[in-house]
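Below is one structure, written out as structure tokens; comments come after it.
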Amino acid sequence: MTPLARLEQAAAVVYAAMPATPQYRWPLLEQALRSPVWVKHENHTPVGAFKVRGGLMYFHALAQAGERPRGVISATRGNHGQSVAFAATRYGLSAAIVVPHGNSAEKNDAMRALGAELIEHGHDFQAAREHALRLAGERGLLLVPSFHPLLVDGVASYSLELLRAVPELDVAYVPIGLGSGICGMIAARDALGLTTEIVGVVSTHAPAYALSFEAGRPVEYAADTRIADGVACRVPEPEALAIVRRGCARVVRVTDDEVEAAMRLMFTATHNVAEGAGAAPLAAALQERSRIAGRRLGLVLSGGNVDREVFARVLNAA
């Protein structure tokens, strides 16, 4: 099977549960960036973020293999957990989700509403991830990873949509959490035979992937971003890093202040809500505005799951 056929097969699985999301041009964003801009609206999925696509593909593959575990468990800061809960319920499985203490209250509520058992542990995603691994052994549950080739194939469907709609795209900005989204973008671009420049975006306050990209090896670094929890990675995934280093042009770091300014602009220009990670691509494009002026840009609005009080504070800050 060709890489494109494999990605199309995964996309068909995704479309059995949800429609494709739109990619829209917004004149006020184009004025701000002095470039043609398409926003990929992954905030329009059934869980408000792109991750659901990967979960659907992962659980479909389990079912096709005839595997039916006692239950599943995973770790998350929110969007991956909603994906696991959504897909597990669709396939009749129970799901336990481990989140760090202080996680988004509304993301926690959403995971519970989707039927997940929520477990709080540790101070960051990595601690939650290690606890989920222990619990999987103790309870006899299947650990759903946060990075896996099946997850990448599933989430690559949004990149197929964007790149087929706008094959002439010059630059695509993609946030990097653990890496499935940007790896899916690289896979889709390469499968379609395009030359789109792919730029990864991380938080200045969670720079592990940027440091690792520069060093050529995984570099652990503390994550303390106040707003972009979706990119708050402390320990990069080696497999994802290898793909990113091979297929990504560069990794841009954006500050929390830049992300919050981008959240405000996204709302003002489009009336769409972007969580911190979802606004990071716009923040990076604004930072690189002189470098990219006049080029055709794609911004992946990866999710819109930000707590109401946090978003109100961001909107009222300027």
C-alpha long axis of helix 276-287 to longest principal axis of the chain, angle in ° = 20
query = Counting Lys +1, Arg +1, Asp -1, Glu -1, what net charge surrounds P149 among other residues with beta carbon under 11 Å of its beta carbon?
reply = -1
inquiry  = Taking the full set of protein chains and a 1.4 angstrom probe, give the accessible area of H123 in square angstrom, rounded to the nearest 10.
reply    = 140
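Over the residues of the chain, compute the C-alpha Rg and express it relative to 2.2 N^0.38 Å.
That works out to 0.92 for the chain.
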remark   = Order by accessible surface, 1.4 Å probe, largest leading, for residues L194, L297 comes to L194, L297
note = Expressed in square angstrom to the nearest 10, the accessible area of E168 with a 1.4 Å probe stands at 80
query = Where is the GNM fluctuation largest for the chain (alpha-carbon springs, 10 angstrom cutoff): R77, R68, R234?
reply = R68
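Largest first, how would W38, W26 line up by accessible area (1.4 Å probe)? If you can, show how the numbers build up before the last one.
Numbers: W38 30, W26 55 Å².
Final ranking, largest accessible area leading: W26, W38.
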Cα-based helix-to-principal-axis angle, 52-64 vs the chain, degrees rounded to 10 = 40
ask   = Mind listing the phi-derived Karplus ³J(HN,Hα) values for the range 8-15, rounded to whole Hz, using 6.51, -1.76 and 1.60 with θ = phi - 60°, and x for any glycine or proline?
value = 5, 5, 5, 4, 4, 5, 4, 6
ask   = Which percent of the accessible heavy-atom area of the range 52-200 goes to carbon and sulfur, probe 1.4 angstrom?
value = 50
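Go ahead and estimate [θ] at 222 nm for the chain from helices alone: -39,500 (n - 2.57) per DSSP H run with n ≥ 4, summed, over the residue count, rounded to 500.
-15000 deg cm²/dmol
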key: Using a Förster distance of 30 Å, the FRET efficiency for R139-A105 (Cβ separation, nearest 0.05)   = 0.75
inquiry  = Run the simple label-point estimate for E239 and E130 please: 7 Å along Cα→C-beta, distance reported in nm.
reply    = 2.2
About the Cα centre, charge dipole magnitude for the chain (Lys/Arg +1, Asp/Glu -1 at Cβ), debye = 440
request  = Would you compute, for the Cα atoms of the range 260-301, the largest minus smallest coordinate along each principal axis and list the three values in descending order, in whole Å?
outcome  = 26, 15, 15
Estimated dipole of the range 1-92 in Debye, rounded to 20 [Cβ of Lys and Arg +1, of Asp and Glu -1, Cα centre] = 140
key: For the chain: relative contact order, % (alpha-carbon pairs under 8 angstrom, 6 or more apart)   = 21
key: Full-stretch length increase - L4, H271 - with 0.36 nm per residue and alpha-carbon distance subtracted   = 92.7 nm
note = Cα-Cα pairs in the range 64-196 separated by more than 16 Å, as a whole percent of all pairs, come to 66
query = Is the range 163-271 best put as rounded, prolate or oblate by its Cα gyration tensor, with a ≥ b ≥ c the root eigenvalues, rounded for a/c under 1.5, and otherwise prolate when a/b is larger than b/c, oblate when not?
reply = oblate
ask   = What does the convex hull of the alpha-carbon atoms of the range 186-246 project to on average, in nm²?
value = 4.4
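Tally Lys and Arg at +1 and Asp and Glu at -1 over the other residues with C-beta under 12 Å from the C-beta of M111: what net charge comes out? Please report the intermediate quantities before stating the final value.
On the way: positive: K51, R77, K107, R112; negative: E106, D109, E117, E120.
Here the count lands on 0.
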ask   = In square angstrom, rounded to the nearest 10, how much accessible surface does D190 have for a 1.4 Å probe?
value = 90
task = Report the net charge of residues surrounding A208, where surrounding means a beta-carbon distance below 12 angstrom and charges are Lys +1, Arg +1, Asp -1, Glu -1.
result = -2
query = Length gain on complete extension for the stretch H123 to T255, per 0.36 nm per residue less the alpha carbon to alpha carbon distance?
reply = 45.4 nm
query = Distance in nm between label sites at T204 and R313, each 7 Å beyond Cα in the beta-carbon direction?
reply = 1.9
request  = Work out Dmax and Rg for the range 1-83 from the C-alpha atoms and quote the Rg first, both in angstrom.
outcome  = 16.5, 53
request  = Run through all the Cα pairs of the range 44-136 and give the fraction in each 10 Å bin from 0, expressed as whole percent.
outcome  = 19, 51, 28, 2
ask   = GNM on the chain, C-alpha springs below 10 Å: top fluctuator among N43, N305, N272?
value = N272
note = Using alpha carbon centers only, the range 250-286 is separated from the range 122-139 by a whole-angstrom value of 30
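Per residue, how much accessible area does the chain show when a 1.4 Å probe rolls over the protein heavy atoms, in square angstrom?
Here the residues of the chain average 38 Å² of exposed surface.
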ask   = How big is the equivalent ellipsoid of the range 223-318 along its three axes, where each semi-axis is √(5λ) from the Cα gyration tensor, reported in whole Å from largest to smallest?
value = 23, 18, 11
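The values are calculated or read from the model by the stated rules, or taken from the named source; none is laboratory data. This structure is a prediction, so every number in the text was calculated from the model and none was measured. No Cβ is skipped: glycine too gets one built from the backbone with ideal geometry, and neighbour counts run over all protein chains shown. The area values use the complete protein model at the heavy-atom level, side chains included, leaving out ligands, DNA and RNA. Shrake-Rupley method; radii C 1.70, N 1.55, O 1.52, S 1.80 Å.
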